[in-house]
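Step one of this worksheet: look at the structure below.
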Amino acid sequence: MKPAPFAYRRPGSLAEALSALASETNAKVLAGGQSLVPLLSMRLAAPAVLVDINGVPGLAGVEVSDDGVRVGALARHADVLASQEARRVQPLLAMALSHVAHATIRNRGTTVGSIVHADAAAEMPVVLKLLGGSVEAESVAGRRTIGADDLFLGPLESSLRPDEIAVSAFFPALAPGAGVAFDEIARRHGDYALCGVAALVRVDGDRVTEARAGYLSVNELPTVVDLTDVLAGHVVSTSSTTEALASTTDEALASTTDEALAAAGDVALAGLDPAEDIHATAAYRAQLVRVLTARVLRAAYDDALTRSTGSTGSTTEGNA
Ligand code: FAD
């Protein structure tokens, strides 16, 4: 099928792009086109005007500071993945991006586009939400910051207005004592996940003080569940950290840890509503939630210990 007819504008400045959006009804921003072009081709979207922002200067940066990583609207997934500084300040970005599609799609698709496209099966919306990040939106009326908690309204629906351009997304830095991890199950690498989990764990010494997990491809929205009450005070050891921490070799402690992680999976599931679709049954997704929750929380705990003690832990990164 071919797209329905549309007018095409390629503004050379942000001001021009914003005024094009303000003056047109039924206009759509075109960034990497990796989600929008398939929708046009299948006629699931039929905008009257496409406003291609690829000629707008100043939007392609990946700016890293001690506070976090600011990703410009035209930074491709591959640019963010390649930034060693971004990886240092907020390692969850690279961990999750290595699961986004294939290299050719990451070379073209933008991280900001992926966020505002608001697909609950995509990796970066849930990463933004778990980290408490935000999007900077601009229109002819001015600029505003939209926190991740206010951004995702429904399947493929964000709170960005039709006359706004998301000029950047901000991912806060990893806090001292914190660790992160990401994992997902897909039928083939590069496919959208059947279930994916990102986790953030904070420790004080070897004890958990905070634990949260974010889920993609489970609910209609990217969803974050606070698991601190289940895991606070626990040692959530892995084989690599048991080497670093003699105390965790205790058998009784290991079984308590397993019980706590299983409980975390159950609590997470209670806050989710796994759906059945052509790819998986609801029961299979629920099982993936349990298994991945335990696996990813463990890895995030391991990451937190590794960062605070300098020991070598496991990592879920790097199956690109
Ligand atoms: P576009 O396609 O250009 O736009 C998408 C939507 O966002 C449109 O509605 C557009 O108007 C809007 N938009 C984009 N940028 C802005 C902006 N700055 N301001 C306002 N509105 C904007 N994604 C995953 O997360 N995980 C995957 O596993 C995955 N697999 C894929 C596999 C295939 C085969 C393909 C084709 C795509 C896949 N994707 C996957 C999608 C890919 O990551 C897209 O790049 C991303 O979802 C959208 O980014 P884009 O720049 O291409 O946006």
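Summary of values
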| read-out | value |
| --- | --- |
| Residues located in segment 179-208, provided they are among the charged types (D, E, K, R) and either crowded, with 23+ Cβ neighbours inside 10 Å or closer than 18 Å to H99 by Cα (or both) | D183, E184, R187, R188, D191 |
| Total residues in segment 133-187, condition under 19 Å from the mean Cα position of the chain (by Cα) and part of a loop (DSSP other than H, G, I, E, B) | 10 |
| Count - residues of segment 99-119 that are over 19 Å from F170 (Cα atoms), more than 6 Å from the ligand (Cβ to nearest atom) and assigned to a loop (DSSP other than H, G, I, E, B) | 2 |
| Whichever residue in segment 2-21 is small (G, A, S) and in contact with a strand residue (DSSP E or B) (Cβ under 7 Å, 6 or more places away or on another chain) and, among such residues, is surrounded by the fewest Cβ atoms within 10 Å (Cβ to Cβ) | A7 |
| Test: E123 is modelled with pLDDT of 95 or more and in contact with a Cys (Cβ under 7 Å, 6 or more places away or on another chain) | no |
| Contacts under 6 angstrom Cβ, first residue in segment 21-42 being under 21 Å from R106 (Cα atoms) and touching a residue at least 40 places away in the same chain (Cβ under 8 Å), partner among the basic types (K, R) and within 12 Å of the ligand (Cβ to nearest atom), 6 or more apart | G32/R108; Q34/R108 |
| Contacts under 6 angstrom Cβ, first residue in segment 58-70 being among the hydrophobic types (A, V, I, L, M, F, W, C), partner at pLDDT below 95, 6 or more apart | none |
| Conditions (1) of a type in the set (K, R); (2) away from the ligand (no atom under 11 Å from the Cβ); (3) within 13 Å of L81 (Cα to Cα); number of the one not met by R144 | (3) |
| Hits in segment 22-63 (condition: more than 8 Å from the ligand (Cβ to nearest atom), under 23 Å from A169 (Cα atoms) and surrounded by 19 or more Cβ atoms within 10 Å (Cβ to Cβ)) | A27, L50, V51, V56, V62 |
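Condition check ((1) away from the ligand (no atom under 11 Å from the Cβ); (2) of a type in the set (S, T, Y)) across all residues:
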position	(1), (2)
S65	yes, yes
V71	no, no
V89	yes, no
L93	yes, no
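The values are calculated or read from the model by the stated rules, or taken from the named source; none is laboratory data. No experiment lies behind these values; they were computed from the predicted model shown. Here the Cβ is made from the backbone with ideal geometry for all residues, glycine too, and neighbour counts use every protein chain on show.
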